[in-house]
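First comes the structure, then the notes that go with it.
The numbers here are math on the coordinates, done by the rules we state, and not lab data. For clarity, every value in this text was computed on a predicted model and none was experimentally measured. FYI the Cβ positions are ideal-geometry reconstructions off the backbone, even for glycines, and counts take in every protein chain you see.
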Amino acid sequence: MFHTEICDLLGIRYPILQGAMQGAGGPRLVAATSQAGGLGILPTFGGTEEALRADIETARGLTDKPVAVNITPMGKAFTESRARICVEMEVPIVTTGRADPGEDAVGTMKDAGIKVIPVIPSVQHALRVQAEGVDAVIASGSEAGGHVGGVATLALVPQVVDAVDIPVLAAGGIGDGRGFLAMLALGAVGVQLGTALIATEEADVSDWYRNAILEMQATDTIVTTALTGATVRCIATPEIRAYEEARLSGAPKQELQRLRQITRQNHGHADRVGGADSNERRQGAAGQVAGLITRVRPTAEIIEHMIQDAAALSNGLADLAQASAPGAERAAE
Ligand SMILES: Cc1cc2nc3c(=O)[nH]c(=O)nc-3n(C[C@H](O)[C@H](O)[C@H](O)COP(=O)(O)O)c2cc1C
């Protein structure tokens, strides 16, 4: 069901990727996603080389299916060192986020046979990475958790589909079979989920973080520059709101620095990338789809239901189209 060209390209059963989630998606979530027929992707954002090697080994110990790695370009040296590790460890698929990986890093990975798939927030960015020779792109809308651009998924995906010649996946705001099917209708060949997999049995998150996701409304997120300097959509805690209010009202630099320091203290630190999260943490990235998530589930259940619900919905829509076709009423009489 829903076997698209991305399934063949990546060697996966369902066209569903678990987007890398620094601070939430460690080897257990990655392996659970791949094992369920999707593609699990390990984060590298801010982590050491040793942590990445260890996480790849751990995830591979938990599944015999493909395990991918995400490189968040944080300077040329960082990107190239993580790309080298992926080549050495024969990682089959690498996604990139936030910024361009650059032609050199893409070339190194492509020469080694790695499929490279950047996450992009705009048509211009998609065309740029297509010219660098990437295999596909993930068009991520502004409702997504984590680093975001300014265009919503519904508007972004068809525009990217029309602009590029490579396969396009969709990310941002997808939480169930309805969102999955909508993205296919827009021309995407698959989806990437983030927020919908935070409240799973396999995600490495604190109780505070999991409960926040379960209790949140769609309006409880905020886009802030406090955490990484770039625009990140996260849970709108009082500390982040205070920072953003001060920033927008033109508060002096020192005051902004003081408020940013408070938000970063609350952000907490994973023991290592993808490792167990600190229970003292009172901050986390999350997308607007959090309002749809009300209970903790196993990752495999979310993926299976997404596919089954989308299939049922698609059949229902086909019936609807049939029933409303010209002449259908007369034929029914
Ligand atoms: C907690 C969290 C951490 C994230 N970390 C990363 C990351 O390290 N690298 C990256 O490319 N994207 C990261 N993202 C983005 C996700 O991979 C994914 O594209 C996004 O969450 C999809 O939108 P959704 O949250 O609406 O499902 C993160 C998202 C969340 C929620």
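Residue separation times 0.36 nm, minus the C-alpha to C-alpha distance between residue 264 and residue 215: what's the value?
Working: separation 49, 0.36 × 49 = 17.64 nm, distance 2.26 nm.
Residue separation times 0.36 nm, minus the Cα-Cα distance, leaves 15.4 nm.
Report, as a whole number in µm² per second, the diffusion coefficient that Stokes-Einstein gives for segment 18-175 at 10 °C and 1.306 mPa s using the Kirkwood radius over alpha carbon pairs. Walk me through the numbers on the way to the answer.
On the way: Rh = 15.5 Å.
Translational diffusion coefficient: 103 µm²/s.
Under 28 Å between C-alpha atoms is the cut-off here; go through the chain and count lysine pairs that meet it, provided they're at least eight residues apart or on different chains. Walk me through the intermediate numbers first.
Numbers: 65/110; 65/115; 76/110; 76/115.
For the chain, the number of qualifying lysine pairs is 4.
For the chain, hydrophobic long helices are taken as DSSP H runs at least 27 Å long by C-alpha position along their axis with mean Kyte-Doolittle hydropathy of 0.0 or more; these are 299-323.
So if each residue of separation counts as 0.36 nm, and I subtract the Cα-Cα distance between residue 87 and residue 248, what length gain in nm does that give? If you can, show how the numbers build up before the last one.
Details: separation 161, 0.36 × 161 = 57.96 nm, distance 4.36 nm.
Contour length minus Cα-Cα distance gives 53.6 nm.
Dipole orientation for the chain: of the candidates 112, 153, 74, 74 has the Cα lying most toward the positive pole (charges on Cβ; Lys, Arg +1; Asp, Glu -1).
Calculate, in nm to one decimal, what residue 257 and residue 50 gain on full extension: separation in residues at 0.36 nm each, minus their alpha carbon distance. Present the calculation step by step, with values, prior to reporting the outcome.
Details: separation 207, 0.36 × 207 = 74.52 nm, distance 3.15 nm.
Extending this stretch completely gives an extra 71.4 nm.
Amide hydrogen proximity for residue 146: with H placed 1.01 Å from N in the peptide plane, the residues at 5 or more positions away or on another chain lying under 5 Å are 233, 286.
For segment 97-190, the percent of C-alpha pairs falling in each 5 Å distance bin, counted from 0 to the bin holding the largest distance, reads 3, 16, 26, 24, 17, 10, 4, 1. Once both labels are positioned 7 Å from their Cα atoms along Cα-to-Cβ, the gap between residue 3 and residue 104 label points is 4.2 nm.
Note on residue 154 and residue 308: the model spin-label points, each 7 Å out from Cα along the C-beta direction, lie 2.9 nm apart. Mean separation of Cα pairs under 8 Å and 6+ residues apart, divided by the residue count of the chain: what relative contact order is that in percent? After rounding, I find 19 percent.
Distance between the 7 Å Cα→Cβ label points at residue 322 and residue 292: 2.7 nm. Ellipsoid fit via the Cα gyration tensor, the chain: semi-axes of 31, 25, 20 Å, each the root of five times an eigenvalue, largest first.
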